Amino acid sequence: MPRVALDLNNGEDRKKVKGEWRVGEGFVPGEPNEGLTARLLAVPARTADFDDSSWPVCPDIRRSLSVGFTFAWYRITVELPQEANGMPVAGARLWFETNIDNYGEIWVNGQIDRNAGVIVGINAPQRVELATSATPGDKYVIACLVANGPLAEPRGGIFMRFATLALETTDD
C-alpha cells in the first residue's frame, strides 16, 4: 500500500496543505479559571467555525507548554493539494495521526469519532480517518484538546509528540 505522510510539525509540509497550528491555553481559552466550571456542556474551541485567529501561532507542537494541571487546544486547518510528495491526493484514504501527552481528543470539522478520536491512554498514538476517498481542495479543521495527566497528580507539560496527515492508496 503506497503511503505518503506529511509531518504537520514541519513548516514545509504545512505549506503543502496551507496549514498553521494555533494554540489556546486552557480548557476554554480566554475564560476565567481557564473555563473549568461545573456542568460545562460544550467547549466552543472544538467547532469548525470557531475563530482562533487571536491565538498565537505554534511553530513547534512538541514544545512543552506548562507544568501541572494544564489544558490547551491545538488547531489547524488543512487544505488538500492535488498531490503530496508525488502521490495524487484524489481517491486516497486520508488519516490524521498523532500522539498527545497525555489525554487528548481529536475533533475534525466540529465532530468527534468517540471510538477513534478520544485518546484514552497516556501517550497512546491515535489515528483518525478523515476521508475514505480524498478530494483535492477539501478542507479539514482539526482541533485537538490536550490535557496533562493523571489529572489528580499531573507530572509535566503538555505537547503533541507528532501530528501527521497520511495518504494511503491501494495497489492497482
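The values are calculated or read from the model by the stated rules, or taken from the named source; none is laboratory data. Keep in mind that what you see is a predicted model, and the values were worked out from it rather than measured. Every residue, glycine among them, receives a Cβ derived from its backbone with ideal geometry; neighbour counts consider all protein chains shown.
Put simply, of 6, 80 the only residue that is surrounded by 18 or more Cβ atoms within 10 Å (Cβ to Cβ), in contact with a Leu (Cβ under 6 Å, 6 or more places away or on another chain) and either more than 25 Å from residue 155 (Cα to Cα) or basic (Lys, Arg) (or both) is 6.
Check whether at least one residue in the stretch 93-109 is under 23 Å from residue 53 (Cα atoms) and without any contact (Cβ under 8 Å) to a residue 24 or more places away in the chain, and report yes or no. There is no residue in the stretch 93-109 that is under 23 Å from residue 53 (Cα atoms) and without any contact (Cβ under 8 Å) to a residue 24 or more places away in the chain.
For the stretch 71-127, filtered to residues that are of a type in the set (Asp, Glu) and closer than 22 Å to residue 35 by Cα, the residue that is modelled with the lowest pLDDT is 101. Please tell me if residue 13 is modelled with pLDDT of 95 or more and either assigned to a helix (DSSP H, G or I) or of a type in the set (A, V, I, L, M) (or both). In short, yes.
When you look at residue 135, is it among the polar types (S, T, N, Q) and surrounded by 14 or more Cβ atoms within 10 Å (Cβ to Cβ), yes or no? Taking the combined requirement at face value, the residue does not satisfy it.
For residue 105, state whether it is in contact with a Ser or Thr (Cβ under 9 Å, 6 or more places away or on another chain) and either surrounded by fewer than 15 Cβ atoms within 10 Å (Cβ to Cβ) or not in a loop (DSSP other than H, G, I, E, B) (or both). Answer is no for this residue.
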